[in-house]
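Beneath this line is the structure, given in structure tokens, with notes to follow.
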Amino acid sequence: MSLRSLECDHSLGDVMFHLKPGMALSIPQGVPHHAKVTGWEPCRMIIAYSAVDRQTIGE
């Protein structure tokens, strides 16, 4: 995941990252994660998956 605009807080397992534009985060398979926008506008990010048959676990 690469953040393109604005900022967000992103949890990765038990660790919290504050991401700013241009920063990237690699999320290992099976690790719980969650992004939360820290401003009033939507943030824009590029997300790339390692496989086309990605399955969502949880919501």
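The values are calculated or read from the model by the stated rules, or taken from the named source; none is laboratory data. Small disclaimer: the values here were computed from a predicted structure and weren't measured. In this analysis, Cβ positions are derived from the backbone assuming ideal geometry, glycine residues included, and neighbour counts consider all displayed protein chains. Note: areas computed on protein heavy atoms with side chains; ligands, DNA, RNA excluded. Shrake-Rupley method; radii C 1.70, N 1.55, O 1.52, S 1.80 Å.
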Problem - Test: residue in the stretch 33-41 that is open to solvent by 50 Å² or more (accessible area, probe 1.4 Å), of a type in the set (S, T, N, Q) and without any contact (Cβ under 8 Å) to a residue 60 or more places away in the chain - result: yes
Handout entry: Candidate set: the stretch 5-19, residues that are small (Gly, Ala, Ser) and loosely packed, with under 14 Cβ neighbours inside 10 Å; chosen: the one nearest to residue 32 (Cα to Cα)
Key = 13
Exercise for the section: Inspect all residues belonging to the stretch 48-56 and state whether any of them is among the hydroxyl-bearing types (Ser, Thr, Tyr) and either touching a residue at least 24 places away in the same chain (Cβ under 8 Å) or surrounded by 11 or more Cβ atoms within 10 Å (Cβ to Cβ) (or both). Expected result: no
Handout entry: Which listed residue is of a type in the set (A, V, I, L, M), at negative phi, touching a residue at least 12 places away in the same chain (Cβ under 8 Å) and part of a strand (DSSP E or B), from 16, 45
Key = 45
Practice task
Sort out which residues of the stretch 13-34 are within 16 Å of residue 49 (Cα to Cα), within 11 Å of the chain's Cα centre (by Cα) and not hydroxyl-bearing (Ser, Thr, Tyr), and write them in order of number.
Solution key: 24, 25, 27, 32, 33, 34
